[in-house]
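The structure under discussion appears below in the form of structure tokens.
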RNA sequence: GGCGGCGUAGCUCAGCGGUAGAGCAGGGGAAUCAUAAUCCCUUGGUCGGGGGUUCAAAUCCCUCCGCCGCUACCA
């Protein structure tokens, strides 16, 4: 039976350019997708763009473009970002595509048929200047006693017809769902927030707008377009072939994991499963909300001018070090700080010194003293050999555990324990000294190192695909033998190895 | 206001009932195969303040101080 794994990033809202936060989600999802493929799963990895809504309509107008041309341009930019981040996504969905408009319409109709949608009236304090509704509690008193929006804009009480989703009827069923699926929304802090939100009571959700046009029309009532979140969330089933349940991709539903930023946890962990269950569809298995990055200790903002285009980072530091840093520096789920200094330290200490140099010193000795071919495994391995080899051999299993919990930084920490152990091993064994006293033992030591490096490079390949492919090249591992299962089969002694080349050069500060 | 979380070595954090841990940074030594990288040893903390429970508390309870998140339609 095929093991399947369906993972998604959010679809990114196209009213701004891609920044480090988008890259972060995409990279994390990519690592999991690659890891699952390595472990033998049939993976479907989806990313894309969310292109409807009033903000997009407005941003397009400001850019002097019609909405479709505008979204075409920005969507292309996000697609480029994903590719440059090394994302191995199997599909890239845009909510303006016909397949998605169709899926949304069918989903809507199903909700109507099941009595989950009704036509009502949306009312509230509306600020024309902000084009936004505000809560009573958010309003501030104006100078002449009138109410004002937090922005200072005047507000008026507005009523407009709107379709509603009967969310209030789902409160108990959602609480039961969370109780039955304690790991549905992670990390735990987000689960607590969500539970307390649901317990305080759910109101019905307005799911259509009549005040602008840029969206998917409500079936049977073209004066309304669908609420952007209903539209956006549905992308995850559109891409799985909905409503065509004969589509091979439908076998991937329900999704194993929706990776999201913490700001959109509620949409994915409450509204989305409620919509799905209301439509008679299975909810996703898990939602994980990661944290936010500050830059050099400051919140990212356009006015501070510190918004980083991830592609600028690649140009300066290279793709793999950036991927490594983002997942190593901060426990996934926490907020973190992106600092140039911290990145350079990790590049130089962990990538160049610890791992890069370990490979270089081991491979140089093999190249020079073993006729550039892979030595044979030790005939009678020592305790030191066995300790190191078995610790390395345990990595795939240990990492599977950590990665199932999305503990990327823990996983990398586990790997680095082995890297340090291997550096201690080579120092203690001193193969450069054995060369004179005991050449067969030198060869055995070097083979142990080569095998340990092979395991390390294999399990690290989801994190740093390009660099680890080069390392595996140098270790003589054929492309067909680079998954977890292949680790069980030792490479034949005598395999010719190419000349070693540094995989992670030290980063020198430009003068 | 309500609900939840955090405050542990210079820095980033782990530990969550049994007399303080990791990485980085700092100090000393070894080695010289290697990207002057590595290895070994080591200096740092009355675990935010106070009170309590316990034979025993970073670890449980109370309280105070300081931060932070959520509190409905806003990626």
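The values are calculated or read from the model by the stated rules, or taken from the named source; none is laboratory data. Quick caveat: nothing in here was measured; it's all calculated off a predicted structure. FYI the Cβ positions are ideal-geometry reconstructions off the backbone, even for glycines, and counts take in every protein chain you see.
Is there any pair with a first residue in the stretch A:194-207 that is in contact (Cβ under 8 Å) with a residue 12 or more places away in the chain and a second that is assigned to a loop (DSSP other than H, G, I, E, B) whose Cβ atoms are under 8 Å apart and which are 6 or more apart or on different chains, and what are they?
Here the result reads A:204/A:166; A:205/A:227; A:206/A:227; A:207/A:227, each pair linking the stretch A:194-207 to a residue that is assigned to a loop (DSSP other than H, G, I, E, B).
In this structure, does residue A:352 turn out to be within 7 Å of RNA strand B (Cβ to nearest atom), farther than 21 Å from residue A:260 by Cβ, modelled with pLDDT of 85 or more and surrounded by 22 or more Cβ atoms within 10 Å (Cβ to Cβ)?
no
Kindly indicate whether residue A:283 is in contact with a helix residue (DSSP H, G or I) (Cβ under 6 Å, 6 or more places away or on another chain), closer than 25 Å to residue A:41 by Cα and surrounded by fewer than 22 Cβ atoms within 10 Å (Cβ to Cβ).
The answer is yes for residue A:283.
Given the stretch A:173-281, what helices (runs of 4 or more DSSP H) lie entirely inside it while holding 1 or more residues that are farther than 18 Å from residue A:48 by Cα, within 21 Å of the chain's Cα centre (by Cα) and near RNA strand B (Cβ under 8 Å from one of its atoms)?
Where helices (runs of 4 or more DSSP H) fall fully within the stretch A:173-281 and carry at least 1 residues being farther than 18 Å from residue A:48 by Cα, within 21 Å of the chain's Cα centre (by Cα) and near RNA strand B (Cβ under 8 Å from one of its atoms), they are A:188-199.
Checking the structure you have, find out if any residue of the stretch A:68-81 is surrounded by fewer than 20 Cβ atoms within 10 Å (Cβ to Cβ), under 30 Å from residue A:332 (Cβ atoms), in contact with a strand residue (DSSP E or B) (Cβ under 6 Å, 6 or more places away or on another chain) and modelled with pLDDT of 95 or more.
Within the stretch A:68-81, one or more residues are surrounded by fewer than 20 Cβ atoms within 10 Å (Cβ to Cβ), under 30 Å from residue A:332 (Cβ atoms), in contact with a strand residue (DSSP E or B) (Cβ under 6 Å, 6 or more places away or on another chain) and modelled with pLDDT of 95 or more.
Please verify whether the stretch A:331-339 includes one or more residues that are away from RNA strand B (no atom under 11 Å from the Cβ), over 24 Å from residue A:464 (Cα atoms) and outside any helix (DSSP H, G or I).
The answer is no, given that none of the residues of the stretch A:331-339 is away from RNA strand B (no atom under 11 Å from the Cβ), over 24 Å from residue A:464 (Cα atoms) and outside any helix (DSSP H, G or I).
In the stretch A:490-510, which residues are within 16 Å of RNA strand B (Cβ to nearest atom) and loosely packed, with under 15 Cβ neighbours inside 10 Å?
A:498, A:499, A:501, A:502, A:505, A:506, A:508, A:509 - these are the residues of the stretch A:490-510 that are within 16 Å of RNA strand B (Cβ to nearest atom) and loosely packed, with under 15 Cβ neighbours inside 10 Å.
What are the residues in the stretch A:169-201 that are touching a strand residue (DSSP E or B) at 6+ places or on another chain (Cβ under 9 Å) and closer than 28 Å to residue A:212 by Cβ, if any?
none
Is it the case that residue A:154 is exposed (fewer than 12 other Cβ atoms within 10 Å of the Cβ), more than 8 Å from RNA strand B (Cβ to nearest atom) and modelled with pLDDT under 80?
Judged against the criteria, residue A:154 is not a match.
For the list (1) farther than 24 Å from residue A:412 by Cα; (2) out of contact with any helix residue (DSSP H, G or I) (no Cβ under 6 Å at 6 or more places or on another chain); (3) at pLDDT 95 or above, I need the number of the one condition that residue A:511 fails.
(3)
Is it true that residue A:374 is surrounded by 21 or more Cβ atoms within 10 Å (Cβ to Cβ) and within 15 Å of residue A:419 (Cα to Cα)?
So residue A:374 does not fit the description; no.
Among the residues of the stretch A:311-330, what is the count of those that are farther than 30 Å from residue A:183 by Cβ and within 13 Å of RNA strand B (Cβ to nearest atom)?
So the count comes out to 3.
Determine whether residue A:293 is surrounded by 15 or more Cβ atoms within 10 Å (Cβ to Cβ), closer than 22 Å to residue A:174 by Cβ, within 11 Å of RNA strand B (Cβ to nearest atom) and modelled with pLDDT under 90.
Considered against the rule, which asks whether it is surrounded by 15 or more Cβ atoms within 10 Å (Cβ to Cβ), closer than 22 Å to residue A:174 by Cβ, within 11 Å of RNA strand B (Cβ to nearest atom) and modelled with pLDDT under 90, residue A:293 comes out as no.
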